[in-house]
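A quick write-up on the structure given underneath.
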Amino acid sequence: MFNKNTITRFEQLETPFYYYDLNVLSKTLEACRTASSKYGFHVHYAMKANFNPKVLDTIQSYGFGADCVSGNEVKAAVEHGFGKEKIVFAGVGKSDKEINAALDADIFCFNAESVQELFIINDLAKAKNKKAGIAIRINPNVDAHTHHFITTGLEENKFGINSWQLPDVAEALRKCPNLQFLGIHFHIGSQITDMEVYKSLCTRINEMQDWFVDHGFEVKILNTGGGLGVDYHNPDTNSISDFESYFKVFSNFLNVKPGQEVHFELGRALVAQCSALISRVLYVKNGLKKNFLILDAGMTELIRPMLYQAYHQIENLSRESGSNEPEKPAVHYDIVGPICESTDCFQKDVELQQSFRGDLIAVRTAGAYGEVMASGYNLRDRVGSVYSNPVL
Ligand code: LLP
């Protein structure tokens, strides 16, 4: 991701910033498109992972649809050229204002998460004399075996409709003439690397599909959600997720009927590896027990390590082999940010070459749930983005 020229360029720039390598992004998108199109699968990009404008333009140019979770994301999808027939609106708490805006934009489908929501969408669609496309998000009660903060498909989670509520869903759909039932939707969690989990999901989707067919509904769409994980430990050597194996599981185990469409909502796997948070060492604090590298970026720019104890590889770009400096002995550092919170720590006990004030530090794999989860805590400035090459 970084060569000597990139690092020389960074030296001229104010930090912190998100660096986007658009070549990595393009290669990832290409790999996903190739693997999914083998089976005629449709991929909607889960925009919540990253809505940087250049990232959105690039993803749109590869023909992906957009999976949105707010009225503003729907608006952004339209503005960035995603066709309305490829825009899906999901989310457990859609407001009337957001539903109305999505109806006005004539999006393809709402992923509905409760029986009450079905009646609300129906009423709002009726007032506009429209029919809203609907997929029912079902909570499949499948354990994604990922961090419990990013598990969504268990009955204890707030998402989706439990299978024992399906009779109420069927009744609601029959009572709501302004809804057009399109299919069923699932999402069991994020950063999933165990393909066995997706096999279990396929089994549940097949059962749920049978339920709808048995109750007289035509299921046009099977939406399996997202969740495919990335390798946070090897951002260079393993920068592209195993799309081949992922889509193959669904091709092998999902009961797809003729004419039916299979949809996916990938976020992280498309964008995580294309970005790094670039920061500078402000201070080096050597203690008796601990050495600290205090960076000019913190939890306000990348909160994942603090929120989910997530691992992100950290590199000192100014001292990496290849720099002109003679190698200094390795030191263990706690790498921390400037925010007034003890949890503002990217990683403890990292072995790096001896580091100095002004050194450039890269926190890798920051493309998914990085910039989008930034905050202005401590009245910090929102930081900008730098791109690898001339962009679209
Ligand atoms: N579809 C639905 C309904 C979702 O809730 C999500 C993510 C996705 C698709 C995309 O999932 P992905 O392919 O990116 O795993 N902030 C957390 C992740 C939260 C994921 C929320 N839902 C993190 O930084 O790990």
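About the Cα centre of region 199-303, how large is the charge dipole given +1 on each Lys and Arg Cβ and -1 on each Asp and Glu Cβ? Please answer in debye to the nearest 20. Spell out each step's value before the answer.
Values: 10 positive and 12 negative charges, 124 e Å.
For this selection, approximately 600 debye.
Sequence gap at least 6, Cα distance under 8 Å: using those rules, report the relative contact order of the chain to the nearest whole percent.
Working: 834 pairs, mean separation 78.9, N = 392.
Worked out over the chain, it gives 20 percent.
Rounded to the nearest 0.05, what FRET efficiency do Asp210 and Ser342 have when you use their Cβ-Cβ distance and R0 = 45 Å?
Values: r = 51 Å, r/R0 = 1.14.
Once rounded, the FRET efficiency stands at 0.30.
Among the lysines, which fall within straight-line cross-link reach of Lys84, defined as a Cα-Cα distance under 19 Å, with same-chain neighbours fewer than 8 residues apart omitted?
Partners found: Lys48, Lys75, Lys94, Lys97, Lys128, Lys130, Lys131, Lys220.
Under a cut-off of 19 Å between alpha-carbon atoms, report the lysines in cross-link reach of Lys290, not counting same-chain residues fewer than 8 places apart.
Cα-Cα hits under 19 Å: Lys328, Lys348.
When every alpha-carbon pair in the chain is counted, what percent end up more than 28 Å apart? Could you put the intermediate results ahead of the total?
Details: 37657 of 76636 pairs.
Taking all Cα-Cα pairs of the chain, the fraction more than 28 Å apart is 49 percent.
Report the FRET efficiency, 1/(1 + (r/R0)^6), for Val115 and Lys290, where r is their Cβ-Cβ distance and R0 is 45 Å, rounded to 0.05.
0.25
Between Asn72 and Thr6, what FRET efficiency comes out of the Förster formula 1/(1 + (r/R0)^6) with R0 = 30 Å and r the beta carbon distance, rounded to 0.05?
Result of the calculation: an efficiency of 0.40.
Every number in this text was worked out from the coordinates using simple rules, so none of it is lab data. Worth saying up front: this structure is predicted, and the values here are computed from it rather than measured. Cβ: placed from backbone, ideal geometry, glycine included. Neighbour counts: every protein chain shown.
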